[in-house]
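See below for the structure under consideration.
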Amino acid sequence: MILGIETSTTNASLALYDRGNDEIVWGSRFVSQRAHNVVIFEPIEEMMGKYRDQLSGIVVGTGPGSYGGVRVAISIANGISMVLGIPILGMSSLGAWDVDGGLWYVLGDARRKTTFVAEVKDRRAVAEPDLVGDEEIDNRIASLQKMGCPLVTADESVARRWEDVCLSYPEAENLCRSAGATDPGEWCQSGPLEPHYLRAPYITTPKKQVR
């Protein structure tokens with residue numbers, strides 16, 4: 001069975017997928033603004049108590065989204081992988097939305113007066129998300145609306161700004177099903193998995209001390 005962990009947004013989810021019977025046999029959802037680590041361990045312990053010996057792999061949604069949430073998911077996946085000796089797989093959370101249709105767009109607040117726009121086809125991100133400035137985003141949304149493809153976001157501020165953008169969240173169940181159809185060669189025995197960054201991490205050098 002494949003354990004799916006999706007914690008890139010405030011509405012996080014876990015799922016356990018029986019690949020042989022193509023069904024979700026267990027799942028859990030929780031909401032957390034920042035501290036996913038406070039609420040995720042209880043359902044993980046519940047799942048491990050029932051299904052530990054049946055786990056064959058773990059898939060993690062790598063974002064983009066909550067840096068802390070994704071890091072917690074990766075840490076848990078790495079820990080279970082090491083203890084049980086099972087492979088893990090990182091997949092973009094962009095393909096985990098519960099959307100009808102083979103093509104959709106995910107939008108999100110990228111901070112610094114930008115919105116990210118990501119094209120997803122057949123549950124795979126077509127390319128890196130575009131970072132679109134405030135002066136251009138309205139025109140970009142208008143062009144997407146003319147295409148008639150679903151537009152989704154996990155950010156309430158984005159959904160309020162454009163009425164055609166649906167507020168919803170990526171699901172661990174969809175990660176599991178995608179992972180079940182993934183070539184075994186793409187899985188790895190252990191990390192390193194990294195969050196999907198919209199921008200390179202901001203790193204500064206220490207200031208020289210004046211004596």
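The values are calculated or read from the model by the stated rules, or taken from the named source; none is laboratory data. Values in this document were obtained by computation on a predicted structure and should not be read as measured data. Backbone-built Cβ (ideal geometry, glycine too); neighbour counts: all protein chains shown.
Under the condition of being free of Cβ contacts under 8 Å to residues at least 24 places away in the same chain and either at negative phi or under 13 Å from the mean Cα position of the chain (by Cα) (or both), the residues counted in the stretch 88-139 number 16.
Answer yes or no: is there a residue in the stretch 131-144 that is outside the structural domain of Gly57 (by TED's automatic domain parsing), of a type in the set (D, E, K, R) and under 22 Å from Tyr67 (Cα atoms).
No, the stretch 131-144 contains no residue that is outside the structural domain of Gly57 (by TED's automatic domain parsing), of a type in the set (D, E, K, R) and under 22 Å from Tyr67 (Cα atoms).
Screening Arg19 with (1) more than 15 Å from Gly180 (Cα to Cα); (2) surrounded by 14 or more Cβ atoms within 10 Å (Cβ to Cβ); (3) at pLDDT below 95 gives one miss only, at (1). A search for C-beta distances below 8 Å between a residue of the stretch 59-79 that is of a type in the set (D, E, K, R) and any residue that is outside any helix (DSSP H, G or I), counting only pairs 6+ apart in sequence or on different chains, returns Arg71/Pro195. For Gly65, the criteria (1) closer than 21 Å to Tyr197 by Cβ; (2) modelled with pLDDT of 95 or more hold in every case but one, which is (2). Filtered by the rule that a residue be crowded, with 16+ Cβ neighbours inside 10 Å and touching a helix residue (DSSP H, G or I) at 6+ places or on another chain (Cβ under 8 Å), the stretch 148-185 gives Leu151, Thr153, Trp162, Val165, Pro170, Glu171, Ala172, Asn174, Leu175, Ser178.
Any idea which of Arg112, Arg177 is under 27 Å from Leu14 (Cβ atoms) and either modelled with pLDDT of 95 or more or charged (D, E, K, R) (or both)? Let's see the steps before the verdict.
Numbers: Arg112 fails: under 27 Å from Leu14 (Cβ atoms).
Being under 27 Å from Leu14 (Cβ atoms) and either modelled with pLDDT of 95 or more or charged (D, E, K, R) (or both) holds for just one of Arg112, Arg177, which is Arg177.
Would you be able to say whether some residue in the stretch 45-58 is under 30 Å from Ala127 (Cβ atoms), in contact with a strand residue (DSSP E or B) (Cβ under 7 Å, 6 or more places away or on another chain) and touching a residue at least 40 places away in the same chain (Cβ under 8 Å)? Within the stretch 45-58, one or more residues are under 30 Å from Ala127 (Cβ atoms), in contact with a strand residue (DSSP E or B) (Cβ under 7 Å, 6 or more places away or on another chain) and touching a residue at least 40 places away in the same chain (Cβ under 8 Å).
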